[in-house]
Amino acid sequence: MKKTPFVIVLFLLLCGNILAESSSSSKKESTAIIVQRKSPSTKTGLYIRRIPTTKRGVGITFNALYYYGDVDMLGIAFKEGWQPQNLSLGGSIKFDYLHQIGRTTYVRASILGGYLHGNDSARTTVNSDGVKVSIGKGSFSNTFGEVSAGVEWYPFSKAGFYTYLGLGLSLNVIDYDFTRLGYGPDRMVNIVPMLPIEIGYNFDVSRGLCICISASVHQALLDFPRCNLDGYPIRKSSRFQWGDGYFSLGISFSYRWHECEPCRLTKW
């Protein structure tokens, strides 16, 4: 699998932002107070000091998925055109939990369940005798669950645009049929480390309620005969040089709320 420099740069930017946000929020904590006089017409009374709030949230996402990998009619994703047999409409559902650690930074934990499939059996070529012959590998279907955690960062504090980078593990139950290659039909169960990268935009609907449109790529970090997303039994495809993965386009609904430390009453 090729390591792309932009992933490293994005990861360093997110880490730097987390440190900066955590430092600035701790400095502001002692000075950011809300004062409310209980006896505004007199010089004595009580006021309320409230520690700055922390935002938390939960969300649910519905996604359409598009697999890319060895059992695909593509050299590199989309190189040879759209392949509808790899599209899994309504392919996954995801639950998120968010915890704010800075003014524009959240830690996000996710659980995702979905379904992937691919089929290049229809791939053909014409031999030297002018006869059309099949050169496809076969087909697979994968019912999977993925857990991940990472950082959700809002580079523009007054806009809903965000980026997300995380790490995860995918548990896969793969039914495959590579009869042409001498493998299967059979079933495989494995665990694959994943690298999810996402961009999206949150639209505020009401106080605390958001709708989000997001696009992401989930890249497998390993692609071996017994550790992959498609069950392909050969170490490397002659046509495909990346690890397996899938694209995701989704819409999510989330609710975020504030939590405060106990308020203090002090003499005015």
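Things worth noting here:
- Pair list, Cβ under 7 Å, 6 or more apart: segment 156-177 residue in contact (Cβ under 8 Å) with a residue 60 or more places away in the chain and more than 25 Å from Ser141 (Cβ to Cβ), other residue surrounded by fewer than 14 Cβ atoms within 10 Å (Cβ to Cβ) and among the aliphatic types (A, V, I, L, M): Thr163/Ile199
- Criterion (of a type outside the set (Lys, Arg) and surrounded by 18 or more Cβ atoms within 10 Å (Cβ to Cβ)) met by exactly one of Phe140, Phe161: Phe140
- Cβ pairs under 6 Å, 6+ apart, first in segment 96-108 and under 17 Å from Ser252 (Cα atoms), second among the aromatic types (Phe, Trp, Tyr): Leu98/Tyr106
- Test: Val173 is more than 23 Å from the chain's Cα centre (by Cα) and not polar (S, T, N, Q): no
- Residue match in segment 123-136 (condition: open to solvent by less than 40 Å² (accessible area, probe 1.4 Å) and under 24 Å from the mean Cα position of the chain (by Cα)): no
- Scanning segment 91-101 for residues that are crowded, with 20+ Cβ neighbours inside 10 Å and either over 16 Å from Glu198 (Cα atoms) or more than 12 Å from the chain's Cα centre (by Cα) (or both) yields a count of 2.
To keep it simple, each residue is scored yes or no on (1) open to solvent by less than 30 Å² (accessible area, probe 1.4 Å); (2) modelled with pLDDT under 95; (3) among the hydrophobic types (A, V, I, L, M, F, W, C); (4) under 25 Å from Ser139 (Cβ atoms).
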site	(1), (2), (3), (4)
Val189	no, no, yes, yes
Arg207	no, yes, no, no
Cys210	yes, yes, yes, no
Trp257	no, yes, yes, no
Thr266	no, yes, no, no
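- Among the residues of segment 221-254, those that are open to solvent by 70 Å² or more (accessible area, probe 1.4 Å) and at pLDDT 90 or above comprise Leu249, Phe253.
- Of the residues making up segment 116-156, those that are within 22 Å of Tyr176 (Cβ to Cβ), in a strand (DSSP E or B) and of a type in the set (Ser, Thr, Tyr) are Thr124, Ser134, Ser139, Ser141, Thr143.
- Residues that are of a type in the set (S, T, N, Q), farther than 30 Å from Gly160 by Cβ and at pLDDT 85 or above occur at least once in segment 128-139.
- Arg180 being modelled with pLDDT under 90 and surrounded by fewer than 18 Cβ atoms within 10 Å (Cβ to Cβ): yes
- Among the criteria (1) buried (at least 20 other Cβ atoms within 10 Å of the Cβ); (2) under 13 Å from the mean Cα position of the chain (by Cα), the one Ile199 does not fulfil is (1).
- Residue in segment 72-91 that is at pLDDT 80 or above and farther than 20 Å from Leu167 by Cα present: no
The values are calculated or read from the model by the stated rules, or taken from the named source; none is laboratory data. None of these values were measured; they are calculated from a predicted model. Ideal geometry is used to build each Cβ from the backbone, glycine not excepted, and the neighbour counts take in all protein chains shown. With ligands, DNA and RNA removed, areas are computed over all heavy atoms of the protein, side chains included. Shrake-Rupley method; radii C 1.70, N 1.55, O 1.52, S 1.80 Å.
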